[in-house]
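In what follows, a single structure is set out as structure tokens and then discussed.
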Amino acid sequence: MMCFVMKCGGSTLAALPDSFFNDMKILQDEAIIPVIVHGGGPAISDTLGKLGIETEFVNGLRKTNEAVLDVVEMVLAGQINKEIVRKIQLSGAKALGLSGVDGHLIQAQPVPNAHEVGLVGDVNGVNAELIQGVIKMGYMPVIAPIGLGADGGQRYNINADTAAGAVASHLGVERMIVVTDVPGIMKTVDGAKVVLTSVTVKEIDEMIESGEIYGGMIPKVRAAVQCIQGKVREVIIVDGAEPEVLSRVIKGAAIGTRIVKS
């Protein structure tokens, strides 16, 4: 049995066709198990707006206080997590929804700039044994990125890309796939934007420095870079609307942007 970590953004999720989830069923039947870590940014913003709670972003991370965190947990662990589980199960596959709080699945500490962003966390531990147990039971784990502090009481909002990178690193899987609504990392060449088929960690640093990679894409690629350690050899950013994108990537097709060490 083989597994890989897949991160899916909340904005991407709503647009994914049924065929995407059918592809996941095919993979599960072939004993290739996705471990899914998901976001839910637009749904969180929508719910915060309806409740009249102001929200803002600092370098792609949502500024989080306790009131915002209540909504983040409600939307991620409740609405979005169960929506993904339902869609997977409709394809005939088996899935189990979890929050990072369950079984101390995601252990967290405050980010270095917590004075700017509030209750946003970095991952300092993952209960890989729990994830592996879910897989052995025949289910795809679907993980909402809420973390718990060392005291077991304080919750943290974890960027989904950061959480996915940490889960991949702790599981020691070879491949992480980031499913987005863009075809990959774009670069301007002769005035036109083109998709980079492959990019190194050093090139990513240079593109962040130059401003070619900015906003919400920064934590995506930084999480990917953090993930390329141990047995993890590549992280692939793909467009979820591509037909059979997961199966094709697993089989080595040149889709999206592959991030490699060097």
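The values are calculated or read from the model by the stated rules, or taken from the named source; none is laboratory data. The model shown is predicted, which means the values in this text are computed figures rather than measured ones. Here the Cβ is made from the backbone with ideal geometry for all residues, glycine too, and neighbour counts use every protein chain on show.
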Quick one: would you say L96 is surrounded by fewer than 22 Cβ atoms within 10 Å (Cβ to Cβ) and part of a strand (DSSP E or B)? yes
Is there a residue being touching a helix residue (DSSP H, G or I) at 6+ places or on another chain (Cβ under 6 Å), crowded, with 20+ Cβ neighbours inside 10 Å and under 21 Å from G78 (Cβ atoms) anywhere in region 123-133? no
If you scan region 31-77, which residues turn out to be farther than 20 Å from V167 by Cα, of a type outside the set (A, V, I, L, M, F, W, C) and not in a loop (DSSP other than H, G, I, E, B)? P42, S45, D46, T47, G49, K50, R62, T64, E66, D70
Residue count, region 152-197 (criterion: over 30 Å from H104 (Cβ atoms) and either surrounded by fewer than 15 Cβ atoms within 10 Å (Cβ to Cβ) or touching a Pro at 6+ places or on another chain (Cβ under 8 Å) (or both)): 10
Show the residue pairs that are 6+ apart or on different chains and have beta-carbon atoms under 6 Å apart, the first residue being within region 98-124 and over 12 Å from L61 (Cβ atoms), the second being modelled with pLDDT under 95 and surrounded by fewer than 15 Cβ atoms within 10 Å (Cβ to Cβ). Q107/N124; Q109/N124
Kindly indicate whether P145 is within 16 Å of the chain's Cα centre (by Cα) and within 19 Å of Q226 (Cα to Cα). yes
